[in-house]
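Asks: Have a look at this one before I ask anything.
The values are calculated or read from the model by the stated rules, or taken from the named source; none is laboratory data. Since the structure is predicted, the reported quantities are computational estimates derived from the model, not experimental observations. All Cβ positions, even for glycine, are placed from backbone atoms using ideal geometry, and neighbour counts span all protein chains on display.
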Amino acid sequence: MNRQTLPHPRTQRGAIMVVSLLLLLVMTVLALTASQSTTLQERMAGNARDTDLAFQAAEAGLRDAEATLAALIPFGTSGKPEDCDAASTCVIKQHSINFKPDLGHADTFWNENTRQYQGDEQQIGEVVSDPLIFTEQRGEIRDSLATGVPGVTGTAFYAHTVRAKGGTDTATVVLQSIDAVRYAIR
C-alpha cells in the first residue's frame with residue numbers, strides 16, 4: 001500500500017501568495033480602468049449639457065430677434081422697419097455688399113455690434129451670459145420696377161445671427177435665421 005504524504009510545511013514555497021498577489025493586481029487594474037472610464041463619461045455628459053444650454057439660449061435669442069423685428073413693424077400695417085445706419089444703437093444694421101458672413105467673429109465684434117437678449121440684465125439663469133443678437137437687413141426685392149409711387153410692394157430680408165454660451169465659456173453656439181417681411185409702401 002502506497003501512502004501519499006502531505007508535503008511538510010517547511011517545503012512549501014508560497015505559490016498561493018504569488019497567485020493571490022497576481023489576482024489582486026488584475027483586480028486593481030480593472031478598477032482603475034473602470035474609474036477612468038466613468039470620469040471620461042462624466043466629462044462628456046457635462047460637455048453635452050453645456051452645449052445643450054448654449055443651443056437653447058441661442059434659440060431663445062433667435063425668437064427674441066424675430067419678435068423684436070415684428071414689433072418694429074407698426075401693427076395693422078404692411079410696412080417694414082425704418083432703415084438706419086450702422087450705429088451700434090440701431091436694432092437692425094444695414095447690409096454691406098462686401099459683407100462676408102463669418103459666424104466665428106471675435107469677441108470685439110460681438111461686444112460692439114450686438115444687443116443682449118432682452119435688455120442689459122441677465123435673463124437666462126444657467127448660462128455664463130445671455131445671448132448676443134446681431135440683426136441686419138440683407139436686402140429687398142420689389143414686386144415692380146416702379147419707384148416713388150404709392151402702392152409699391154415687395155419683400156425685405158433680415159438675417160438674425162445669435163451667439164450664446166453655455167454653462168462655461170468653452171461651450172459656444174452660433175445660430176442664424178432669415179426673416180422675409182412683406183411690405184407695401186403707401
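Asks: Please find, among 51, 33, 39, 28, the residue that is hydroxyl-bearing (Ser, Thr, Tyr) and either loosely packed, with under 10 Cβ neighbours inside 10 Å or touching a residue at least 40 places away in the same chain (Cβ under 8 Å) (or both).
Replies: That would be 51, the only listed residue that is hydroxyl-bearing (Ser, Thr, Tyr) and either loosely packed, with under 10 Cβ neighbours inside 10 Å or touching a residue at least 40 places away in the same chain (Cβ under 8 Å) (or both).
Asks: If you don't mind, there's one more thing I want to ask. Test residue 175 against the criterion of being without any contact (Cβ under 8 Å) to a residue 12 or more places away in the chain, surrounded by fewer than 21 Cβ atoms within 10 Å (Cβ to Cβ) and either assigned to a loop (DSSP other than H, G, I, E, B) or of a type outside the set (Val, Ile, Thr) (or both), and give yes or no. Give the derivation first.
Replies: On the way: without any contact (Cβ under 8 Å) to a residue 12 or more places away in the chain: no; surrounded by fewer than 21 Cβ atoms within 10 Å (Cβ to Cβ): yes; either assigned to a loop (DSSP other than H, G, I, E, B) or of a type outside the set (Val, Ile, Thr) (or both): yes.
The answer is no for residue 175.
Asks: Which of the residues belonging to region 9-66 are under 30 Å from residue 129 (Cα atoms) and of a type in the set (Gly, Ala, Ser)?
Replies: Matches in region 9-66: 45, 46, 48, 54, 57, 58, 60, 61, 65.
Asks: I need the full set of residues from region 124-161 which are closer than 20 Å to residue 48 by Cβ and crowded, with 21+ Cβ neighbours inside 10 Å, in order please.
Replies: Of everything in region 124-161, those that are closer than 20 Å to residue 48 by Cβ and crowded, with 21+ Cβ neighbours inside 10 Å turn out to be 127, 131.
Asks: If you don't mind, there's one more thing I want to ask. Check region 70-93 and report whether any residue there is assigned to a helix (DSSP H, G or I), at pLDDT 70 or above, closer than 18 Å to residue 178 by Cα and touching a His at 6+ places or on another chain (Cβ under 8 Å). It would help to see each step written out before you state the result.
Replies: Our first condition is that a residue be assigned to a helix (DSSP H, G or I); within region 70-93, this holds for 70-72.
Now narrow it down to the ones that are at pLDDT 70 or above: 70-72.
Now drop any that are not closer than 18 Å to residue 178 by Cα, which leaves 70-72.
Narrowing further to those that are touching a His at 6+ places or on another chain (Cβ under 8 Å): none.
No, because not a single residue in region 70-93 is assigned to a helix (DSSP H, G or I), at pLDDT 70 or above, closer than 18 Å to residue 178 by Cα and touching a His at 6+ places or on another chain (Cβ under 8 Å).
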